[in-house]
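What follows is a short report on a single structure.
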Amino acid sequence: MDLTLAILKPDCVRRKLTGKAIDFIESKGFKTLCMKKVKLDRPQAEAFYAVHKSKNFFNDLILFMTSGPCIPMVLQKEEAVTEFREIIGATDPKKAKEGTLRKLYADNVQENIIHGSDSMENAKKEIAFFFPLTEIIS
Ligand code: IDP
Ligand code: MG
């Protein structure tokens with residue numbers, strides 16, 4: 001079955017929404033294979049979001065992602081990558097569909113509580129960024 005990487009972002013942890021987010025994710029049929037709490041440093045956050053280096057929001061994004069602990073998770077489901085993007089909703093919660101995680105809980109386009117991989121290729125890379133193969137219990 002397919003895997004994707006999710007991160008409960010620092011705003012999710014700070015606002016004590018982790019339980020609600022995990023409950024939502026599990027209720028949509030995802031299995032949590034791995035989960036841990038980490039605090040990214042600047043080089044780690046810059047490496048994870050390297051694709052956005054040229055964007056005007058890059059520096060703010062790095063400050064946000066290093067502002068406190070976050071919770072990366074490996075999730076398993078059929079079509080995990082596309083299904084997960086569906087249930088989290090659009091990047092900007094104002095544009096996210098009703099019933100999506102970001103619509104329900106996110107404050108704004110930056111502090112949008114959760115990350116989800118955008119392709120199977122990136123999911124593989126992003127999972128490897130946080131979890132060695134030996135930690136992935138399937
Ligand atoms: P995604 O998380 O929905 O895949 P991306 O475009 O990959 O969205 O952007 C990565 C993250 O950068 C977003 O989740 C959000 O935290 C932040 N971000 C994206 N666009 C903006 C913006 O226009 N202003 C501020 N932050 C943004
Ligand atoms: Mg993205």
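Using the Cβ of Phe48 as centre and a radius below 12 Å, the other residues enclosed give a net charge of +1, where K and R count +1 and D and E count -1. Think of each Lys and Arg Cβ as +1 and each Asp and Glu Cβ as -1; about the Cα centre, that makes the dipole of the stretch 17-70 roughly 100 debye. Phi-derived couplings, Karplus 6.51 cos²θ - 1.76 cosθ + 1.60 at θ = phi - 60°, listed residue by residue for the stretch 123-138: 4, 4, 5, 6, 4, 5, 4, 9, 10, x, 3, 5, 8, 8, 9, 10 Hz, with x used for Gly and Pro. Label positions at Arg85 and Ser119, each projected 7 Å from the Cα along the C-beta direction, are separated by 1.0 nm. Between Val38 and Ser138, the modelled label-to-label distance comes to 1.9 nm, taking each label 7 Å out from Cα in the direction of the beta carbon. In the chain, helices alone account for a calculated mean residue ellipticity at 222 nm of -10500 deg cm²/dmol, with every DSSP H run of four or more residues adding -39,500 (n - 2.57).
All of the numbers you see were taken from the coordinates with simple rules; none came from a lab. As the structure is a prediction and not an experimental result, all values here were calculated from the model. Please note: Cβ atoms are built from the backbone with ideal geometry, for glycine as well, and neighbour counts cover all protein chains shown.
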